[in-house]
Amino acid sequence: MRKLEKYQKKRNFKITKEPKGKVTKNSKKLKFVVQHHLARKDHYDFRLEHKGVLLSFAVPKGPSYNYQDKRLAIMVEDHPLSYRNFEGIIPKGEYGAGVVMLWDRGTYEANNNFTKGLKEGMLKFTLKGERLKGKWALVQIKDNNWLLIKEKDDVKGYKNIKRLNTSIKTGRTMTEIKRDEK
Ligand code: MN
């Protein structure tokens, strides 16, 4: 079992609407989520369910379907599985203050053993999301720095993911989320 201590210590749940969460059993079909997070720095949070939590990576440029684009993915603290439903505002002064949009979600299949893969710095998986599909890999460079890479397959992806600027849950843009959730 992995733990959520780091996640919970960083946040004040009386102030933020993010879930406190708990370590759960794995789902029958493993879940993944990508959240577009407009914080101090704009980035995409890429999260994969593993051992009852979401392994989490902050990807400054977001994922790319071009297999030659290796996107820096910084491993951050594990998040609770319930975080995959979170869209809204993180208040000023709180950790990660800014706007969070549900950018993609779905299920995934692991193509290697993740427990071993985390130690060895290589995770391979197939995504079944609305926007992200097909084979992908996370490869560790050093410490918390990994690369998110599209692997070759038949999936025809988007040329520019930045053009997908609405929530897959509510259809809202960042501006609309900010306006609604004040
Ligand atoms: Mn983030």
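Here is a yes/no grid of residues against (1) in contact (Cβ under 8 Å) with a residue 24 or more places away in the chain; (2) touching a His at 6+ places or on another chain (Cβ under 9 Å); (3) part of a loop (DSSP other than H, G, I, E, B):
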residue	(1), (2), (3)
Ala73	yes, no, no
Val99	yes, yes, no
Lys119	no, no, no
Ile149	yes, no, no
Lys162	yes, no, no
Subset of segment 91-100 (residues that are within 11 Å of the ligand (Cβ to nearest atom) and not small (Gly, Ala, Ser)): Tyr95, Val99, Val100
Hey, Arg131 surrounded by 19 or more Cβ atoms within 10 Å (Cβ to Cβ) and charged (D, E, K, R) or not: no
Condition check for Gly129: in contact (Cβ under 8 Å) with a residue 40 or more places away in the chain and in contact with a strand residue (DSSP E or B) (Cβ under 8 Å, 6 or more places away or on another chain): yes
Residue match in segment 80-90 (condition: on the phi > 0 side of the Ramachandran plot, surrounded by fewer than 14 Cβ atoms within 10 Å (Cβ to Cβ) and away from the ligand (no atom under 14 Å from the Cβ)): no
Criterion violated by Asp78 - all others in (1) out of contact with any Phe, Trp or Tyr (no Cβ under 8 Å at 6 or more places or on another chain); (2) outside any loop (DSSP other than H, G, I, E, B); (3) among the charged types (D, E, K, R) satisfied: (1)
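Here is a yes/no grid of residues against (1) modelled with pLDDT of 95 or more; (2) more than 30 Å from Lys17 (Cβ to Cβ); (3) of a type in the set (Lys, Arg):
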residue: Phe86; (1), (2), (3): yes, no, no
residue: Lys119; (1), (2), (3): yes, yes, yes
residue: Leu148; (1), (2), (3): yes, no, no
residue: Lys156; (1), (2), (3): no, yes, yes
residue: Asp180; (1), (2), (3): no, no, no
Test: Phe57 is under 18 Å from Leu148 (Cα atoms), within 10 Å of the ligand (Cβ to nearest atom) and among the aromatic types (Phe, Trp, Tyr): yes
Residue check for Ala110: small (Gly, Ala, Ser) and buried (at least 17 other Cβ atoms within 10 Å of the Cβ): no
Qualifying residue in segment 8-21 (condition: within 12 Å of the ligand (Cβ to nearest atom), closer than 27 Å to Lys142 by Cβ and either outside any loop (DSSP other than H, G, I, E, B) or touching a Pro at 6+ places or on another chain (Cβ under 6 Å) (or both)): no
Condition met for Trp103 (in a strand (DSSP E or B) and touching a His at 6+ places or on another chain (Cβ under 6 Å)): yes
Failed item, numbered, when Thr24 is tested on (1) more than 16 Å from the ligand (Cβ to nearest atom); (2) assigned to a loop (DSSP other than H, G, I, E, B); (3) at pLDDT 95 or above: (3)
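The values are calculated or read from the model by the stated rules, or taken from the named source; none is laboratory data. If you're wondering where the values come from, they're calculated on a predicted model, not measured in any experiment. Positions of Cβ are generated from backbone atoms using ideal geometry, with glycine treated the same way; all protein chains shown enter the neighbour counts.
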